[in-house]
Structures are given as structure tokens and as C-alpha cells.
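Shown next, in C-alpha cells, is the structure this report addresses.
The values are calculated or read from the model by the stated rules, or taken from the named source; none is laboratory data. None of these values were measured; they are calculated from a predicted model. For neighbour counting, all protein chains shown are included, and Cβ atoms are generated from backbone atoms with ideal geometry for every residue, glycine included.
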Amino acid sequence: MTESQKWVFDKPDRFIVGTIGAPGEREFYFQLRQGSQLVSLATEKSQASALAQRIGTIIREVKKSAPLSAVAPMKADDGPLELPLDSEFTVGAIGIAFDPTDLEIEISFRSDLDDGEEFSESAYPTVDLRLDLSMALSFVSRTQALVASGRALCPFCISPIDPQGHLCPRANGYRR
């Protein structure tokens with residue numbers, strides 16, 4: 001396998017999650033921009049939600065041990081995904097760490113591993129970025145709102161309810 005591509009964003013201008021499509025058929029993307037460099041990564045809703053939850057947990061822990069009055073709140077980024085929307089790869093693994101000296105969160109995205117391929121760190125596309133805490137908070141807020149805007153969950157079986165209705169297995173096949 002040939003040497004793979006690697007992107008590094010040490011001071012990103014933008015880091016968001018966005019979607020294309022209607023609820024129930026949405027495709028999720030991480031999108032990063034630094035200067036003229038724009039990278040989009042296909043992801044799963046669960047990956048975006050888990051990353052936002054983990055970043056939120058890290059920020060809460062940092063607030064307990066150090067005052068964050070020096071971190072200016074960032075204006076909410078509610079803009080759409082930037083075009084062209086060409087995914088570089090589908091996210092397979094996400095690594096996250098906190099750098100206490102710079103008060104930054106480091107995130108690493110790795111592509112999905114192909115079946116039958118032997119793992120080699122350099123063989124798969126990667127994106128590494130460093131977020132200051134204000135951008136990280138903005139990411140968490142946007143991601144949580146985006147995830148919550150999906151289809152409502154059935155209170156009985158916890159499956160998503162489509163606009164046409166929901167055939168609930170806990171209701172013996174009756175629509176609720």
C-alpha cells in the first residue's frame with residue numbers, strides 16, 4: 001500500500017458537523033477549514049454525538065480544576081457545510097486528548113480499515129487537529145443541537161419514528 005495522505009490543522013478557522021438530507025436519511029460530515037484548506041470527512045451520527053459528549057466531559061473536568069475566564073465564548077457557527085462537499089474518507093477511528101499546557105483539545109481522525117488489509121499507521125488517511133476550548137465548546141453546542149434535531153424516538157421501543165408513522169415491535173405490530 002502506498003503512503004497515505006495526512007492533513008494537519010493546528011489553528012483551524014472552522015470545525016463543524018453538518019448534514020445533508022432529511023431526518024432519517026441524513027449523511028453526517030465533519031468539516032474543517034484553515035485558510036484555503038478545506039477537508040470534509042463522512043461520519044456516522046453516533047460518532048459525532050460521542051465526540052461531542054467526550055469533548056464536553058473534558059471541558060467540564062478542566063473547568064473544575066482551572067478557571068476558564070480567559071476563554072472567550074465563540075460566536076455560534078450555524079452556517080451550512082461549505083462546498084464542494086467531497087469527503088476525503090469515512091471516519092473509522094477517532095482519538096482525542098487534552099493538552100493542559102496549551103489548554104487545547106487534540107483530535108485525530110483515521111479512515112476505516114479495509115477488510116483483509118494489514119494495519120499500518122502510515123497506510124491510512126488521517127486528519128489531526130488542535131482546538132482551543134472556545135472552538136471546542138462551539139463544536140459541542142452545534143453537534144448536540146444537530147443530533148437532537150433528528151427523528152423523535154418511540155417511548156416504547158426507542159426506535160426512530162418516521163414521518164409516515166412507526167411500526168412498533170412492542171405494540172404487537174400496531175402503528176402508534
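Summary of values
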{"item": "Filtered residue count, the range 103-133, keeping only those that are over 12 Å from F15 (Cβ atoms), of a type in the set (A, V, I, L, M) and at pLDDT 95 or above", "result": "0"}
{"item": "Residues located in the range 1-58, provided they are closer than 29 Å to P163 by Cα, among the β-branched types (V, I, T) and surrounded by 18 or more Cβ atoms within 10 Å (Cβ to Cβ)", "result": "I16, V17, T19, T43"}
{"item": "Hits in the range 65-102 (condition: outside any strand (DSSP E or B), under 22 Å from Q144 (Cα atoms) and either modelled with pLDDT under 90 or not aliphatic (A, V, I, L, M) (or both))", "result": "L68, V71, A72, P73, M74, K75, A76, D77, D78, G79, P80, E82"}
{"item": "Test for L153: is it more than 19 Å from V8 (Cα to Cα) and at pLDDT 75 or above", "result": "yes"}
{"item": "Residues located in the range 124-176, provided they are assigned to a strand (DSSP E or B), of a type in the set (A, V, I, L, M) and farther than 30 Å from A76 by Cβ", "result": "L167"}
{"item": "Elements of type strands (runs of 3 or more DSSP E) contained in the range 1-62, each with 1 or more residues being within 10 Å of the chain's Cα centre (by Cα) and closer than 17 Å to T143 by Cα", "result": "14-20, 27-34, 37-43"}
{"item": "Residue within the range 4-19 that is modelled with pLDDT of 90 or more, over 23 Å from F98 (Cα atoms) and not polar (S, T, N, Q) present", "result": "yes"}
